[in-house]
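Engineer: Dumping the structure here so I can ask a few things about it.
The values are calculated or read from the model by the stated rules, or taken from the named source; none is laboratory data. Not measured: the values here are computed from a predicted model. For neighbour counting, all protein chains shown are included, and Cβ atoms are generated from backbone atoms with ideal geometry for every residue, glycine included.
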Amino acid sequence: MNTKNSGLDSAYLIESDNNPTEIHTLSVLVDNEPGVLARVIGLFSGRGYNIESLTVSETEAEQHLSRITIVTCSTPHIITQIRHQLKRIVPVHEVIDLHMYARELKQDVPIERELALVKVIAEGALRIEVLHMAEAFHARVVDATINHFVFEITGKSSKLKKFIAVMRPLGLAEICRTGVAAMNRGANEI
Amino acid sequence: MKHDHKTEEAADRRKMSGAEIVVQALTDQGVKHIFGYPGGSILPIFDEIYQQDKVRHILVRHEQAAGHAAEGYARTTGKVGVMLVTSGPGVTNAVTPLQDALLDSVPLVCVSGQVSTTLIGSDAFQEADTVSITRPCTKHNWLVKDVNDLSRIIHEAFYIARSGRPGPVLVDIPKNVQFAYGIYTEPKSITPRMSYQPQLDGETQAINCAVNLLCAARKPVIYSGGGVINSGADAVHLLRELVNIGNFPITSTLMGLGAYPASKENWLGMLGMHGTYEANMAMHDCDVMLAVGARFDDRITGRLDAFSPDAKIIHIDIDPSSINKNVHVDVPIVGDVAHILKDMIARFRIICPNIKQPDRNVWWRQINTWRARRSLAYRNNADVIMPQYAIERLYALTKDHKPYLTTEVGQHQMWTAQYFGFDEPNHWMTSGGLGTMGYGFPAAIGVQIARPDDLVVCVAGDASIQMNIQELSTAIQYDVPVKIFILNNHYMGMVRQWQQLLHGNRLSHSYMEALPDFVRLAEAYGAVGIRCSKPEELDDKIRQMIVCDGPVLFDCCVVSLENCFPMIPSGRAHNEMLLSDEATNEMMADAINVQGRLLV
């Protein structure tokens, strides 16, 4: 068997790959020029790849470089394809699969952090409970009136999700998340 | 370019208008011909073209034709093809050739006009979001907002179009940028961008491993593709040398025809859906496969899980994303075909004399029994012209002229690939990846512009020729003596064949009613029309076509319901081919199973 994606319903059906999917985080170093983000996300939608999370910002102002962090979920074969396809985009300098790189470095997973702003409407006695929970999650109050709080919370996506789940019955009103920022542990740089 | 050196020097760092910069940059890139159509947003550049004579502009009758003509020009010369269109509809008409060039890796630069920067986003007259529309169908594209970036961007555009895996690029220039004055920078003062550096040399370890496999192979086969031709004359020469050194059987994709001469003993014919029996069987049974500049397209592999089950696969490609995309390969080698073949041959010469090569006579005997199956045989007919016979006669009567062939898309395209022998590269231009009906005639015009003294033939179908028939006017205007050879069967033949195979022979909208009288149509444009419907008259009329010094529309009336065989029905493997003498009506009805039905 030479093929890993023997599609039953279409010669093109790469999705019929029965291997289990994995979550990988890709760091994409790009020239910060107009349209570069559209090229990257257009590739994902055009070729039917998943984006679980996307974060982008200029990181090296002098060299006009931006770092795009993409969390994607797919089979290992498709993740390799995504990496090669991204590298074909002309303003893309470097594509690093942080999870693969962590494995090479004999590490577990890359460092991943996300920030969320969470607005909770709470009055009276409920406010104490809300504040207690926020403290337990190390969430910081950045704005408050007598009937609301806005919390800032940073951490792994799983921690944010838990915090949001806890706040939901206590008066959760609004959520804004940044998406994942990630890099590998250790002294090696990319 | 030596004689231009003075003007180049004068041009560098000089201030000129954006339109002048465009024409100067084209000149400095060695462009002699461009194909285009004017309009409001591109007028300053057309005005500049009017005032010079270094770059010759060919006016087409539809922007799509400009693109295909530029593609034909690029593929026959190996140079970058250039098209020039206006904003809005000019650009949307250019989308088809851009995608065509993307899928077939043709170097193409499209310069498009855009509404002035102050109007962008206001839904201005003939405004379209060009860079967004063309982003997925180009290798890269640019919107030039500052005239001082213009020359750098055009030079970069040419570099990106022709280097690495070649492809189309687009430079969108707003009208006010064409009028604005800015500094011109010549090509040699441009530094290539850091993020784009195609890898040319293959890894030594992979090359050594590949050569070891090939030396020890009992049943090797070489499967070559368009990448060999794109890599250039060196790659073609080296491929031929490699075949000779190892006495390898070689087959090729549709795009790769001509890289290895069809007249040589080691040639198996084209492979894939309409490939020969021997080529597909050799691919299926081989123990080592060397894929060179080919991408394991679905027309080639057939059913993926039954593709070459026992083979170790070596894959040479300049595009890392082609590796392991459809088929898992054992030895990937990323780089330029010419560089890698050179290293492989050097390695071959060192190690092969030292190891005992297995006997390959058994393999060749096997191949010869497959050849004896004569998969391209067809039943000829004394009363009506068989399409295969027409192509065979066209080949026999034109081959001494070393003709350049283009095709449209459909049965006639496959028959030409099967029955016309290609001995040299860059003589065969066809739309492989995108399958664009309407490609062949404008592409032939592009080829003829590049090769004014050679015989250029476009083999067409009665349906696809009508997709860009207006270009007869272009052919007349520029004295382009292209010969259009229509295999007229009154059907969209390939569509009808698939309807017969897949849809109970219900011929939904595949019959070409109200066909024009092609002879009178040719005459209306001022071209020569020839009609032939009798086999015994065919040779004379083809000769008459060849000697004609203007464009000819040859209406070759062939039998209506002939199917294109051999064929690997969709969803079947290489060794499950349908051959013409086995294709009874029942066989045809059962050829494609439920799963295959969903395939294209």
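Engineer: Does segment B:170-187 contain any residue that is out of contact with any strand residue (DSSP E or B) (no Cβ under 9 Å at 6 or more places or on another chain) and aliphatic (A, V, I, L, M)?
Structural biologist: Scanning segment B:170-187 turns up no residue that is out of contact with any strand residue (DSSP E or B) (no Cβ under 9 Å at 6 or more places or on another chain) and aliphatic (A, V, I, L, M).
Engineer: On the basis of being of a type in the set (Gly, Ala, Ser), in contact (Cβ under 8 Å) with a residue 40 or more places away in the chain, closer than 25 Å to B:MET494 by Cα and crowded, with 19+ Cβ neighbours inside 10 Å, does B:ALA527 make the cut?
Structural biologist: Here the answer is no, as B:ALA527 does not meet what is asked.
Engineer: If you don't mind, another one. Among residues belonging to segment B:295-317 that are within 16 Å of B:VAL331 (Cβ to Cβ) and of a type in the set (Val, Ile, Thr), point out the one that is surrounded by the most Cβ atoms within 10 Å (Cβ to Cβ).
Structural biologist: If we take residues in segment B:295-317 being within 16 Å of B:VAL331 (Cβ to Cβ) and of a type in the set (Val, Ile, Thr), then B:ILE316 is surrounded by the most Cβ atoms within 10 Å (Cβ to Cβ).
Engineer: Somewhere in segment A:58-73, is a residue closer than 25 Å to B:ASP129 by Cβ, more than 14 Å from every other protein chain (Cβ to nearest Cβ) and surrounded by fewer than 16 Cβ atoms within 10 Å (Cβ to Cβ)?
Structural biologist: Checked segment A:58-73: at least one residue is closer than 25 Å to B:ASP129 by Cβ, more than 14 Å from every other protein chain (Cβ to nearest Cβ) and surrounded by fewer than 16 Cβ atoms within 10 Å (Cβ to Cβ).
Engineer: Which condition number does B:PHE296 fail, the rest of (1) touching a Lys or Arg at 6+ places or on another chain (Cβ under 6 Å); (2) at positive phi being met?
Structural biologist: (1)
Engineer: How do the pairs read when you match residues in segment A:163-190 that are in contact (Cβ under 8 Å) with a residue 40 or more places away in the chain with residues anywhere that are in a helix (DSSP H, G or I) and aromatic (Phe, Trp, Tyr), using Cβ under 7 Å and keeping only pairs 6 or more apart or on different chains?
Structural biologist: Within 7 Å, the pairs are A:ASN184/A:TYR101.
Engineer: Also, I was wondering about something else. Only one residue in B:VAL109, B:VAL131, B:VAL177 is buried (at least 24 other Cβ atoms within 10 Å of the Cβ), assigned to a helix (DSSP H, G or I) and not small (Gly, Ala, Ser), so which one is that?
Structural biologist: Criteria check complete, one pass: B:VAL177.
Engineer: Kindly check whether there is at least one residue in segment B:57-72 that is out of contact with any Asp or Glu (no Cβ under 7 Å at 6 or more places or on another chain), at pLDDT 95 or above and basic (Lys, Arg).
Structural biologist: For segment B:57-72, residues out of contact with any Asp or Glu (no Cβ under 7 Å at 6 or more places or on another chain), at pLDDT 95 or above and basic (Lys, Arg): absent.
Engineer: For the list (1) away from chain B (no Cβ under 14 Å); (2) more than 27 Å from B:VAL327 (Cβ to Cβ); (3) of a type outside the set (Asp, Glu), I need the number of the one condition that A:PRO91 fails.
Structural biologist: (1)
Engineer: Residues of segment B:530-563 being surrounded by 22 or more Cβ atoms within 10 Å (Cβ to Cβ) and farther than 19 Å from B:ILE385 by Cα, which ones?
Structural biologist: B:PRO551, B:VAL552
Engineer: Given the conditions (1) within 14 Å of chain A (Cβ to nearest Cβ); (2) part of a loop (DSSP other than H, G, I, E, B); (3) surrounded by fewer than 21 Cβ atoms within 10 Å (Cβ to Cβ), report the number of the one that B:TYR159 does not fulfil.
Structural biologist: B:TYR159 satisfies all of (1) within 14 Å of chain A (Cβ to nearest Cβ); (2) part of a loop (DSSP other than H, G, I, E, B); (3) surrounded by fewer than 21 Cβ atoms within 10 Å (Cβ to Cβ) except (2).
Engineer: Let me ask you something else. When segment B:237-269 is examined, which residues are found to be farther than 24 Å from B:HIS284 by Cβ and either crowded, with 24+ Cβ neighbours inside 10 Å or basic (Lys, Arg) (or both)?
Structural biologist: Within segment B:237-269, B:ARG240 is the sole residue that qualifies.
Engineer: Further, regarding this structure: How many of the residues in segment B:555-598 are in contact with a strand residue (DSSP E or B) (Cβ under 7 Å, 6 or more places away or on another chain) and within 14 Å of chain A (Cβ to nearest Cβ)?
Structural biologist: Adding up the residues that qualify gives 1.
Engineer: Go through segment B:530-568 and give me each residue that's in a helix (DSSP H, G or I), in contact (Cβ under 8 Å) with a residue 12 or more places away in the chain and under 25 Å from B:TYR478 (Cα atoms).
Structural biologist: B:LYS541, B:ILE542, B:ARG543, B:GLN544, B:MET545, B:ILE546 - these are the residues of segment B:530-568 that are in a helix (DSSP H, G or I), in contact (Cβ under 8 Å) with a residue 12 or more places away in the chain and under 25 Å from B:TYR478 (Cα atoms).
Engineer: Pairs please, first residue from segment A:58-71 and of a type in the set (A, V, I, L, M), second anywhere and part of a loop (DSSP other than H, G, I, E, B), Cβ atoms under 7 Å, 6+ apart in sequence or on different chains.
Structural biologist: A:LEU65/A:ASN32; A:ILE70/A:ILE51; A:VAL71/A:GLU52; A:VAL71/A:VAL180
Engineer: Consider segment A:94-112. How many of its residues are among the polar types (S, T, N, Q) and facing another protein chain (nearest Cβ under 9 Å)?
Structural biologist: Qualifying residue count for the region: 0.
Engineer: Still on this model: Looking at segment B:275-312, which of its residues are polar (S, T, N, Q), closer than 23 Å to B:ARG365 by Cα and in contact with a His (Cβ under 9 Å, 6 or more places away or on another chain)?
Structural biologist: Answer for segment B:275-312, where residues must be polar (S, T, N, Q), closer than 23 Å to B:ARG365 by Cα and in contact with a His (Cβ under 9 Å, 6 or more places away or on another chain): B:ASN280, B:SER308.
Engineer: Let me ask you something else. Residues that are in a strand (DSSP E or B), more than 14 Å from every other protein chain (Cβ to nearest Cβ) and modelled with pLDDT of 95 or more: does segment B:251-261 have at least one?
Structural biologist: Yes, segment B:251-261 has at least one match.
Engineer: For a quick check of your reading: which helices (runs of 4 or more DSSP H) sit entirely within segment B:266-367 and have at least 2 residues that are within 14 Å of another protein chain (Cβ to nearest Cβ) and touching a residue at least 12 places away in the same chain (Cβ under 8 Å)?
Structural biologist: B:277-285, B:298-301
Engineer: Considering only segment A:31-132, give the strands (runs of 3 or more DSSP E) lying wholly within it that have at least 1 residues that are within 19 Å of A:THR21 (Cα to Cα), of a type outside the set (Asp, Glu) and under 20 Å from the mean Cα position of the chain (by Cα).
Structural biologist: A:53-60, A:65-74, A:92-97
Engineer: Here is a further query. Which residues, taken from segment B:114-140, are within 14 Å of another protein chain (Cβ to nearest Cβ), of a type in the set (S, T, N, Q) and more than 18 Å from B:ILE21 (Cβ to Cβ)?
Structural biologist: B:THR130, B:SER132, B:THR134, B:THR138
Engineer: Please find, among B:PRO198, B:PRO220, B:PRO249, the residue that is touching a Phe, Trp or Tyr at 6+ places or on another chain (Cβ under 6 Å), over 26 Å from B:THR436 (Cβ atoms) and of a type outside the set (Lys, Arg).
Structural biologist: Going through B:PRO198, B:PRO220, B:PRO249 in turn, the sole match is B:PRO220.
Engineer: Any residue in segment B:379-401 that is under 21 Å from B:VAL236 (Cα atoms), touching a residue at least 12 places away in the same chain (Cβ under 8 Å), in contact with a strand residue (DSSP E or B) (Cβ under 6 Å, 6 or more places away or on another chain) and not acidic (Asp, Glu)?
Structural biologist: No, because not a single residue in segment B:379-401 is under 21 Å from B:VAL236 (Cα atoms), touching a residue at least 12 places away in the same chain (Cβ under 8 Å), in contact with a strand residue (DSSP E or B) (Cβ under 6 Å, 6 or more places away or on another chain) and not acidic (Asp, Glu).
Residues checked against (1) within 21 Å of B:ILE183 (Cα to Cα); (2) in contact with a strand residue (DSSP E or B) (Cβ under 7 Å, 6 or more places away or on another chain); (3) in contact (Cβ under 8 Å) with a residue 12 or more places away in the chain:
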position: B:VAL109; (1), (2), (3): no, yes, yes
position: B:SER112; (1), (2), (3): yes, yes, yes
position: B:ASP123; (1), (2), (3): no, no, no
position: B:HIS155; (1), (2), (3): yes, no, yes
